[in-house]
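Q: Just dropping this structure here.
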Amino acid sequence: MKRPHFLALLSILLFSALTRFINLGRPAELVFDEVYYVDGAKDYLAHGVELDKGAAEFIVHPPVGKWAIALGIKVFGDNPFGWRFTAALIGTVSILLVYLIAKQLFKSEFISVVAAALMALDGLHLVMSRTALLDIFLSFFILLAFYLLIKEKLWWAGVVFGLALGTKWSAIYVLAAVGIYLLFASRRYLLTPIQFGVLPLMVYIASWFGWFLSADGWSRNSKSNPLASLINYHREILNFHTGLTTDHSYQASAWNWLVLGRPTSFFYDDPKSCGADSCSQEVLAIGTPILWWAGLVAIFVAIGYFIYRRETSNGLILLFLLSSYLPWLAFPERTTFFFYAIAFQPFLILCIGFVLTKFLENEVTRKVRQQYTLAGVSLVALFFAYFFPLFVGQVITYSDWYARMWFSSWI
């Protein structure tokens with residue numbers, strides 16, 4: 001790596017860490033679904049399973065993400081920084097991972113650094129990196145599985161897919177898509193089902209170790225043996241997910257995620273500490289607008305290139321992106337939220353990276369076009385800076401807050 005690229009990457013990672021860790025304890029209270037996952041993480045540390053006032057509690061998400069949150073609590077204590085530490089760490093590492101993936105796919109230090117910069121400048125990724133929810137861990141494991149796949153470390157990719165599945169069941173769509181692709185691409189009709197079927201399932205079952213070791217878990221003794229009890233438990237979880245249609249003021253159908261139709265407000269307050277008569281403090285899970293709108297265009301361009309050229313790197317990016325996104329369109333009645341899009345957000349960035357490689361193909365105009373690319377990154381940075389108070393829960397005047405509500409659906 002050339003020195004300028006190394007210094008640029010180092011600066012991006014330092015910026016990413018600072019924006020994720022500084023004031024990580026703000027807000028100083030549980031926000032949105034942190035109330036469930038932080039409580040669950042503390043139960044895991046104390047009992048190995050989740051309990052409600054000492055009694056078995058029915059939980060609808062598997063354990064891996066909550067164990068990750070528990071790690072931060074174990075090290076830094078039961079406080080806002082401890083709750084969110086692991087998410088911030090994983091979020092920062094994800095940016096380095098995007099750089100490594102882009103370098104492997106595009107063979108360009110310039111594009112790789114740009115991809116890392118765009119990842120660091122996305123508001124949704126920043127918000128999810130500063131919040132103790134499961135989805136940042138799901139996003140990381142899917143991204144890591146992609147990296148291992150392109151490095152041809154298929155056994156390890158299978159393990160990581162098991163961890164993704166052990167974080168949220170929605171990883172099953174990506175796992176299935178990758179398994180089917182590899183089955184036909186490699187023609188290893190015995191090995192592939194083991195690597196991307198049996199192995200992830202084994203890792204997933206192992207992730208329930210706390211439930212197996214305790215007699216207090218929900219449905220733990222509902223059948224004659226623990227494995228049958230776990231299967232019985234999973235039937236109930238499946239019934240819950242397929243029947244989840246409860247209305248929520250911030251629910252957003254998947255069709256409007258890419259246009260930022262309805263971002264998710266994790267926290268809102270009107271403190272009296274901004275020097276004005278009316279103040280606002282919000283944590284809004286929203287992508288940096290110009291970046292996401294450019295990403296939407298990049299997806300269609302990438303699809304067009306794939307139809308025309310069938311490049312493997314582009315196809316894999318689209319495979320992971322679309323298998324993370326399209327299944328949600330099949331459940332229009334289900335209660336869904338925009339922040340679920342964090343699972344495919346890194347591949348949105350990689351789509352932009354792919355399109356930029358085509359933009360920079362012409363050697364004669366490459367230097368000029370690199371300047372245009374840097375100008376585009378600078379524009380994204382300006383948007384990021386403008387919306388930054390909403391990403392980190394900074395107290396601002398109500399008029400400044402309202403100026404950032406570009407559409408009524410953002411309120």
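Q: Could you check the spin-label model distance between Ser11 and Ile303? Points 7 Å from the Cα along Cα→Cβ, value in nm.
A: Between Ser11 and Ile303, the simple spin-label model gives 3.7 nm.
Q: Once amide H atoms are placed 1.01 Å from N in the peptide plane, what residues at a sequence separation of 5 or more from Thr335, or on another chain, have their amide H within under 5 Å of its amide H?
A: Placed amide hydrogens put Thr245, Thr246 under 5 Å from Thr335.
Q: A follow-up question, please. Could you rank the peptides 30-42, 224-236, 280-292 by their average count of other C-beta atoms within 10 Å per residue, with the highest value first? Present the calculation step by step, with values, prior to reporting the outcome.
A: Numbers: 30-42: 20.2, 224-236: 13.6, 280-292: 23.2.
Top of the packing list down: 280-292, 30-42, 224-236.
Q: With a 10 Å radius around each residue's Cβ, average the other Cβ atoms per peptide and rank 317-325, 147-155, 77-85, highest first.
A: Result, highest mean Cβ count within 10 Å first: 317-325, 77-85, 147-155.
Q: Identify unpaired cysteines across the chain, taking unpaired to mean no other cysteine Cβ lies under 4.7 Å from the residue's Cβ.
A: Within the chain, the cysteines lacking a partner Cβ under 4.7 Å are Cys351.
Q: Something else: Holding the Cα-Cα limit at 23 Å, pick out from Lys74/Lys153; Lys2/Lys103; Lys66/Lys272; Lys42/Lys272 the pairs that are longer than that.
A: Lys74/Lys153; Lys66/Lys272; Lys42/Lys272
Q: Let me know the shape class of the range 50-193, please: from the alpha-carbon gyration tensor, a ≥ b ≥ c as square roots of the eigenvalues, rounded when a/c is under 1.5, otherwise prolate if a/b is greater than b/c, or oblate.
A: Since a/c reaches 1.5 but b/c is at least a/b, the shape of the range 50-193 is classed as oblate.
Q: Specify the inter-centroid distance of the range 12-59 and the range 153-169, based on alpha-carbon positions, in whole Å.
A: 22 Å
Q: Arranged by the count of other C-beta atoms within 10 angstrom, fewest first, what order do Cys351, Cys274 take?
A: Ordered by Cβ neighbours within 10 Å, fewest first: Cys274, Cys351.
Q: Which whole-Hz ³J(HN,Hα) couplings does the range 342-349 yield from phi under the Karplus relation 6.51 cos²θ - 1.76 cosθ + 1.60, θ = phi - 60°, glycine and proline marked x?
A: Listing the rounded values in order: 4, 4, 10, 4, x, 7, 5, 5 Hz.
Q: Mean-square fluctuation check for the chain, GNM, Cα pairs under 10 Å: which of Ala28, Ala341, Ala117 is largest?
A: With Cα springs under 10 Å in the chain, the top fluctuation among Ala28, Ala341, Ala117 is at Ala28.
Q: Assuming a viscosity of 0.692 mPa s and a temperature of 37 °C, what translational diffusion coefficient in µm² per second does Stokes-Einstein assign to the range 1-97, Rh being the Kirkwood radius over Cα pairs?
A: Rounded to a whole number, D works out at 221 µm²/s.
Q: Select from Ala87, Ala343, Ala206 the residue whose mean-square fluctuation is largest in a Gaussian network model of the chain (Cα-Cα springs shorter than 10 Å).
A: Ala206
Q: If you don't mind, another one. Residue by residue, what Karplus-based ³J(HN,Hα) values in Hz, rounded to whole numbers, does the range 43-55 have, using 6.51, -1.76 and 1.60 with θ = phi - 60° and x for Gly and Pro?
A: Once rounded to whole Hz, the list reads 5, 4, 5, 8, 10, x, 9, 8, 10, 10, 6, x, 9.
Q: Given a 10 angstrom Cα cut-off, can you work out which residue in Gly353, Gly376, Gly72 is the most mobile in a GNM of the chain?
A: Fluctuation is largest for Gly376.
Q: If you split all Cα-Cα distances of the chain into 10 Å bins from zero, what percentages do you get per bin, shortest first?
A: 5, 21, 31, 27, 12, 3, 0, 0
Q: Here's something else I'd like to know. Where nothing but the Cβ of Lys and Arg (+1) and of Asp and Glu (-1) is charged, how large is the charge dipole of the range 209-352 around its Cα centre, in debye to the nearest 20?
A: Values: 8 positive and 9 negative charges, 124 e Å.
In total the dipole reaches around 600 debye.
Q: Using θ = phi - 60° and the Karplus relation 6.51 cos²θ - 1.76 cosθ + 1.60, list the HN-Hα couplings for the range 73-81 in order, rounded to whole Hz, with x at every Gly or Pro.
A: Values per residue, Gly and Pro as x: 5, 4, 7, 10, x, 7, 8, x, 5 Hz.
Read the figures in this text as sums done on the coordinates, not as results from a lab. Bear in mind that the values here come from a model prediction, so they are computed numbers and not experimental data. Cβ coordinates were reconstructed from backbone atoms using ideal geometry, including for glycine residues, and neighbour counts include every protein chain displayed.
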